[in-house]
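The values are calculated or read from the model by the stated rules, or taken from the named source; none is laboratory data. Because the structure is predicted, anything quoted here is derived from the model rather than measured. Cβ sites come from the backbone with ideal geometry, for glycine too, and all protein chains shown count toward neighbours. These accessible areas exclude ligands, DNA and RNA; they are computed on the full protein's heavy atoms, side chains included. Shrake-Rupley method; radii C 1.70, N 1.55, O 1.52, S 1.80 Å.
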Amino acid sequence: MSAPISIVIPTLNAGETLVPTLEALMEGLHAGLIRELVVTDGGSTDQTLQIAEEAGARIVSGAPSRGGQLRRGCEQAQGDWLLVLHADTVLETGWSTEVETQLQTGRPATFRLLFRAKGLGARWVAGWANTRTRLFGLPYGDQGLLVPRQTYISAGGFPDQPLMEDVALIRALPRVTLLSSRAFTSAERYIRQGWVRRGARNLWTLTRYFLGADPEQLAQAYRR
């Protein structure tokens, strides 16, 4: 029987963060869970593609858009399950055991968020993300997404849009389970812009999206 999981990672000049992300996945490979690694790139000019090739990844290239990249990558995946991760998300040791159990349920799941940073701001934002996931089944993309491929297809897949592609998909899926295993992610943007300011900005962006704002316009405001 083939290993069940296709790992899908969108990249754009992710050379500084991709190696730890891939190293954390090795336990899943040793456990016989990982069938393939799909790196869906948006035009990297650093060492990202070299790292991906050395890791044995199937590389999918196209225009830089998180939603479009994820859609292309998932279309190429052949596993019965998809595990979608950001290029700066590192799963904690032991994740494969819990994921193997989750596969038996047939339900989508995500990981508990933790930032690679100290302080009240980091704990507050991560705590809110985990509470939101537990109460409303609405995780951040930084938490990763484990989903049966047929369920993903039935939900319509990731939309080709530059922002809120994860929210659009999550809303179309069955309720997502919050796993105990943690996903460690970068806090660079929060540290640079401030935890309260960035957190409030993310919440406002999400609210505008729910109210029908155009993802293209939201992406432009998000980058400023």
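Structure data summary
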quantity: Pairwise Cα inverse-distance average, inverted: Kirkwood Rh of region 68-112 (Å); calculated: 12.2 Å
quantity: Global form of region 9-89, assessed from the alpha-carbon gyration tensor, a/c cut-off 1.5; calculated: oblate
quantity: For the chain, calculated [θ]222 nm from helices alone, where every DSSP H run of n ≥ 4 adds -39500 (n - 2.57); calculated: -13500 deg cm²/dmol
quantity: Region 33-132, Rg to Rh (Cα coordinates; Rh as Kirkwood inverse mean 1/r); calculated: 0.99
quantity: ³J(HN,Hα), Karplus 6.51/-1.76/1.60, whole Hz, each residue of region 201-213, x for Gly, Pro; calculated: 5, 4, 5, 5, 5, 4, 4, 4, 5, 4, 7, x, 5
quantity: Fraction of accessible area attributable to carbon and sulfur, region 1-152 (%, probe 1.4 Å); calculated: 51 percent
quantity: Accessible area per residue in Å² at 1.4 Å probe, computed on the chain; calculated: 48 Å²
quantity: Cα radius of gyration and Dmax for the chain (Å); calculated: 16.4, 49
quantity: Low-density loop positions, GluC sites (Glu not before Pro), region 56-100 - DSSP coil, at most 15 other Cβ in 10 Å; calculated: Glu92
quantity: Cα-centre dipole for region 113-164 with unit charges at Cβ (Lys and Arg positive, Asp and Glu negative), debye to 20; calculated: 280 debye
quantity: Length-normalised contact order of the chain in % [C-alpha pairs under 8 Å, at least 6 apart]; calculated: 22 percent
quantity: Gap separating the Cα centres of region 94-168 and region 187-224, nearest whole Å; calculated: 18 Å
quantity: Net charge of neighbours whose Cβ lies under 13 Å from the Cβ of Gln76, counting Lys and Arg as +1 and Asp and Glu as -1; calculated: +2
quantity: Tensor-based shape of region 1-49 (alpha-carbon gyration tensor, a/c under 1.5 rounded, otherwise prolate or oblate); calculated: oblate
